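The values are calculated or read from the model by the stated rules, or taken from the named source; none is laboratory data. On a predicted model such as this, the values are computed, not experimentally measured, just so you know. Note that we place each Cβ from the backbone using ideal geometry, even for glycine, and neighbour counts take in every protein chain shown.
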Amino acid sequence: MRTHHNFYIDGQWVAPAAGAVTFDVINPATEQVAGSILMGGAADVERAITAAHRAFASYSQTTLQSRIELLSRITSIYERRMDEMAAAISEEMGAPLHTLAKPVQAPIGLWHLQTTLALAKDFPFEKPQGTTLLVKEPVGVCALITPWNWPMNQVVCKVAPALLTGCTVVLKPSELAPFSSQIFAEILHEAGVPAGVFNMIHGDGAKIGPLLSSHSLVDMVSLTGSTRAGASVAQNAAETVKVVSLELGGKSANIILADADLNAAVTHGVVSMMSNTGQSCNAPSRMFVPAARIDEVEQIAATALATLVVGDPQSPTTSIGPIANERQFQRVQALIAQGIDEGAKLIGGGCGRPDGISCGYFVKPTVFSRATNQMTIAREEIFGPVLTIIPYQSIDEAIAMANDTVYGLSGYVYGASVASACKVAKRLRTGMVHLNGASLDLTAPFGGYKQSGSGREWGAAGIEEFLETKAVMGCQPA
């Protein structure tokens, strides 16, 4: 049982203010209590922001080299505690330990630290432009609000560039997946992060988020979450005209071209969609396929679906774990039922838990076919292992349907050649596009168009998010 009843504020582990209530963290594979945290309130937010504001004056003036050395120490300790981190992530949100938590979920935090360090020395914090010196300076006190689906990815891709640039931080991780962030805070403390530079509090996002995003001493809010949460943050930040960075939802299209290797393309699309139990904002949840080959597509999809193993996250053979929490489990089940009611063809999966599983928030990996782009399962972000296959008559129709969404986070194109896929990619209104199964690039900007958010994370773009630009005119650079 993990009991984490202190917050990390001003370089110390401290008890929350009076009135904090206990929140049980549920293991989604067993539906049993795995531990507890205390949920803070306005007084805790005030204390953490005050500490970060006080620390900014000195930390923002430290040398780049000293901040690089701090990140290097954090990286070394993180690597040493990798197995603990993987175990915590698996327990708190259900990622299969051997096939996802250890190989990806925990290491991605390390990879973001390493990427930030690799870019640090050559990043143009100062650049002459004629007689003007362009200076990049830290934006200030940053409130970071992160979700439960990729805990360390979303925490570290914010904290690492914030610390590198000289910002100070108040982190509010998801109360549904707090164990990994507890370990991360312990890592930073051991690395010697100066008092007040990094602070972490727990609380209900719907209550704490507005307090953080409206506070006059917060200069920037960076949130990864739902589009509704992003809108709330933007509204609350507007009065004080903060910098706002939002990484929100998605309903990404996966266009399979007529000349593609159909078996490779469809198989990759199914397996990619089901990874992390479909709980990724950039998941390829809408697969557009040539109408003339829909029968073949369905056979391939059914075969790919049969290779997936749903079950105990601790088993080395499990590839699909549970949905991370009960609320999301109920939502996914309801949307699967709605897809059936609206007349989409069910290729595999469906409502209820998989056969042989009686408890835990497990969902049958589900594939619908012969859907229209106007069905609910093609419009709403399900955030579960549910794929919707939509036939198209022409590539122009496929592109039009792909772009007919309020989202614009990611896209996928699979063709006989990268060149043909790239032509289609350039017509998609999304922040990212993967060609022929290309994986994510941690140095590339991560973010989207439209209601998928604003701003970019990861790599140099992620560092830029935490900087303001100052033009010093008449300066003669050394």
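At-a-glance table
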quantity	calculated
Test: residue in region 435-456 that is under 23 Å from Ile108 (Cα atoms), in contact with a Phe, Trp or Tyr (Cβ under 8 Å, 6 or more places away or on another chain), in a helix (DSSP H, G or I) and modelled with pLDDT of 95 or more	yes
Complete set of residues in region 15-37 that are under 17 Å from Ala185 (Cβ atoms) and out of contact with any strand residue (DSSP E or B) (no Cβ under 6 Å at 6 or more places or on another chain)	Ala15
Qualifying residue in region 419-426 (condition: crowded, with 20+ Cβ neighbours inside 10 Å, modelled with pLDDT of 95 or more, charged (D, E, K, R) and assigned to a loop (DSSP other than H, G, I, E, B))	no
Top-ranked residue in region 182-197 [being touching a strand residue (DSSP E or B) at 6+ places or on another chain (Cβ under 7 Å) and of a type in the set (A, V, I, L, M, F, W, C); ranked as nearest to Glu69 (Cα to Cα)]	Leu188
Pairs where the first residue, in region 5-23, is in the same structural domain as Ser181 (by TED's automatic domain parsing) and the second is exposed (fewer than 12 other Cβ atoms within 10 Å of the Cβ) and in a strand (DSSP E or B), C-beta under 7 Å, 6+ apart	none
Only one of Val233, Val244, Val193 that is buried (at least 19 other Cβ atoms within 10 Å of the Cβ), part of a strand (DSSP E or B) and in contact (Cβ under 8 Å) with a residue 12 or more places away in the chain	Val244
Tally, over region 56-79, of residues that are closer than 23 Å to His4 by Cβ and buried (at least 20 other Cβ atoms within 10 Å of the Cβ)	2
Count of region 38-74 residues which are touching a strand residue (DSSP E or B) at 6+ places or on another chain (Cβ under 8 Å), over 23 Å from Glu175 (Cα atoms) and not hydroxyl-bearing (Ser, Thr, Tyr)	3
Residue among Ala18, Ala29 that alone is out of contact with any Phe, Trp or Tyr (no Cβ under 7 Å at 6 or more places or on another chain), of a type in the set (A, V, I, L, M, F, W, C), in a loop (DSSP other than H, G, I, E, B) and under 24 Å from Ala206 (Cβ atoms)	Ala18
Subset of region 386-398 [surrounded by fewer than 22 Cβ atoms within 10 Å (Cβ to Cβ) and out of contact with any helix residue (DSSP H, G or I) (no Cβ under 6 Å at 6 or more places or on another chain)]	Ser394, Ile395, Asp396, Glu397
Lone unmet requirement of (1) of a type outside the set (Lys, Arg); (2) in a loop (DSSP other than H, G, I, E, B); (3) touching a Cys at 6+ places or on another chain (Cβ under 8 Å) for Gln333	(2)
Odd one out for Ile347 among (1) β-branched (Val, Ile, Thr); (2) within 26 Å of the chain's Cα centre (by Cα); (3) not in a loop (DSSP other than H, G, I, E, B)	(2)
Matching residues, region 465-478, being touching a residue at least 40 places away in the same chain (Cβ under 8 Å) and either among the aromatic types (Phe, Trp, Tyr) or surrounded by fewer than 17 Cβ atoms within 10 Å (Cβ to Cβ) (or both)	Phe466, Glu468, Thr469, Lys470, Ala471, Val472, Met473, Gly474, Cys475, Gln476, Pro477
Flag if Val266 is out of contact with any strand residue (DSSP E or B) (no Cβ under 6 Å at 6 or more places or on another chain), part of a helix (DSSP H, G or I) and crowded, with 24+ Cβ neighbours inside 10 Å	yes
